[in-house]
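Everything on this sheet refers to the single structure shown next.
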Amino acid sequence: MPFPTAELIVTGGHIYTLAEGNLGPVEALAVYRGHIVALGRATEVRRLAGPQTRTVELQGRTVLPGFIDAHMHLTSAGLRLTGFVRDISSAGSLAQALEQLREAVKAHQPGEWIRARGWDESHWPEKRYLTRAELDWVAPQNPLIAVRIDGHLMTINSRALARLTIPRQRPEEFDEPAGLLRERTAWLAYQQVKPDLAQTEQALAAGIGLAHSLGVTSLHDVVNPLQIKAYEQLRRRGLLQLRVRLNPEIEVLEPLGELGFSSGFGFEYLTLGALKFFADGSIGARNAALSVPYADAPQSLGKLNRPQDELNRLVKRAHEAGFQIMIHVIGDRAIEAALGALERADVGPGDRARLEHFELPSPEQLARVRRLGIIASMQPNFLRWSGAGGLYQERLGAERDEQIDPQRAVLECGIPLAFGSDGMPFGPLYGLQLALNAPHERQRLSWEEALRAYTLGGAYAGYAEEELGSLEVDKLADFIVLSGDPAQAPDRLTELEIEATYIGGERVYLRDDYHAAAHAITPE
Ligand SMILES: [Zn+2]
């Protein structure tokens, strides 16, 4: 690409390119019109400087490609920032969760809806779900919904029960005395209290700022139609400074297909990605579909969300309509169902089908995934539930705990690996640290492998590896400045600070600015 002089030169630190065969570090990079135009020795790159060139002096800091979060729910993260949803994920016990809910109640008028999210009983000494009676006790005057961290289960109080229309088609998903709702029934109930378009836009705007502060420059968001509209509004108003690949749920197949849209449609910052299916639930909620019963519930194999022939039919239709396919699979029985449907639909390596979470594949399933060119889209964050005394060991027993989230085995098998956070919590450094220090051998990655999964891996899963995911000449200049070198601190990654974030060569985040602005956000 011919150009007069560079617009931006970055130098004076360690620049890891993460390119295949050339990890780096290199000394300097130059940017012109949003793209990297030179990379290498500082003396050579500096020759591209002119009077208009801006220079970033790293002063020994580290540069990495911007992170690509391949599985995220940005609206949920944003709704916590704007106060629409109260985050109670920090509660370390049932008593603390109730205390945090009581505080949320104080901040509301009687009668107002309260939505809380993020409780995780597996970390609590009480080791049990919140109940309707407890929520009645903390919120006698307000309808209250408290969604578990995995989003597959929620508890509601009596006021909420009186106001919501709870579908009764799936009685096994609704325990009325306990106020417990699961899966589709929980989802349908939550639809009745979800945010409107303006609230969604506000949440996404806040979420985009948060993404920048965490070093995320691209994400693959799992979205509903309202969220697609909100993204599009932000894009039109010039507020979408994040590369977003939209992954709508399968329900939109018919309208999108009729309009002739398929994966890849869109603009530079907003493209249509895969259609998302659910094959099962989660291990925490004991509805991940297993072939051998739960260790702590010997009667239960979990549950597939759809009959096999329905999954087959939908996958085939989506594939024929030109959509990339992403299927949520946790248990080995769900992986089996998804593989069966993908094989029957003749999905091959060029189609880059994705299996989300992919927590309990058998060796035979790994081989089939490799053969079909399927991408494993995994969340190293989930490793926090693995290891001695963890939720996975309790639910599945020690033997299966050693087999779960086998990121190393996935790479060794030659399966493309993309990392995401699933918002639990949002932020790549947290998951990367877990991947580097995982409890079991089959899970543990080197820092280069883990970083590539959070950059190039996501780029490949989004058909963007020609433009994103590593720092190379002609690729987009999406990069972050870190306070230290991850190679020097593999067990202290979460102590590193994201100092600045650049998208297409434009600085979208500077740490000190953000902290000043973030304090201006007051909950509710
Ligand atoms: Zn998810």
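The values are calculated or read from the model by the stated rules, or taken from the named source; none is laboratory data. From a predicted model like this one, the values you see are computed outputs, not experimental measurements. Glycine gets a Cβ as well: all are built from the backbone with ideal geometry, and neighbour counts include every protein chain shown.
Screening residue 471 with (1) aliphatic (A, V, I, L, M); (2) in contact with a Lys or Arg (Cβ under 7 Å, 6 or more places away or on another chain); (3) closer than 21 Å to residue 61 by Cβ gives one miss only, at (2).
Checking each residue in region 215-235 for being within 23 Å of residue 377 (Cβ to Cβ) and buried (at least 22 other Cβ atoms within 10 Å of the Cβ) picks out 215, 216, 217, 218, 219, 220, 221, 222, 223, 227, 231.
When only residues in region 464-510 that are of a type in the set (Gly, Ala, Ser) and at negative phi count, which is surrounded by the fewest Cβ atoms within 10 Å (Cβ to Cβ)?
483
Taken as a whole, the structure leaves residue 159 outside the set of residues that are more than 20 Å from residue 395 (Cβ to Cβ) and within 16 Å of the ligand (Cβ to nearest atom). Among the residues of region 1-12, those that are of a type outside the set (Ser, Thr, Tyr) and buried (at least 20 other Cβ atoms within 10 Å of the Cβ) comprise 6, 7, 8, 9, 10.
Of the strands (runs of 3 or more DSSP E) lying entirely inside region 56-136, those carrying at least 2 residues that are within 16 Å of the ligand (Cβ to nearest atom), touching a residue at least 24 places away in the same chain (Cβ under 8 Å) and touching a Gly at 6+ places or on another chain (Cβ under 9 Å) are 67-72.
May I ask you to list the residues in region 267-321 that are assigned to a strand (DSSP E or B) and surrounded by 17 or more Cβ atoms within 10 Å (Cβ to Cβ)?
Within region 267-321, 270, 271, 272, 275, 276, 277, 278, 294 meet the criteria.
With respect to residue 150, is the statement that it is of a type in the set (D, E, K, R), within 19 Å of residue 129 (Cβ to Cβ), outside any helix (DSSP H, G or I) and within 16 Å of the ligand (Cβ to nearest atom) true? When the stated conditions are applied, residue 150 passes them. Please verify whether region 337-344 includes one or more residues that are touching a His at 6+ places or on another chain (Cβ under 6 Å), surrounded by fewer than 21 Cβ atoms within 10 Å (Cβ to Cβ), free of Cβ contacts under 8 Å to residues at least 60 places away in the same chain and over 23 Å from residue 457 (Cα atoms). Within region 337-344, not a single residue is touching a His at 6+ places or on another chain (Cβ under 6 Å), surrounded by fewer than 21 Cβ atoms within 10 Å (Cβ to Cβ), free of Cβ contacts under 8 Å to residues at least 60 places away in the same chain and over 23 Å from residue 457 (Cα atoms).
Considering every residue within region 35-43, establish whether at least one is assigned to a helix (DSSP H, G or I), away from the ligand (no atom under 16 Å from the Cβ) and over 27 Å from the mean Cα position of the chain (by Cα).
So far as region 35-43 goes, yes, one or more of its residues are assigned to a helix (DSSP H, G or I), away from the ligand (no atom under 16 Å from the Cβ) and over 27 Å from the mean Cα position of the chain (by Cα).
When 461, 453, 418 are checked against the criterion of being among the small types (Gly, Ala, Ser), crowded, with 22+ Cβ neighbours inside 10 Å and more than 16 Å from the ligand (Cβ to nearest atom), 453 stands alone in meeting it.
There is at least one residue in region 299-318 that is of a type outside the set (Val, Ile, Thr), within 16 Å of the ligand (Cβ to nearest atom) and at pLDDT below 95. Of the helices (runs of 4 or more DSSP H) contained entirely in region 444-524, those carrying at least 1 residues that are at pLDDT 95 or above fall at 447-453, 456-461.
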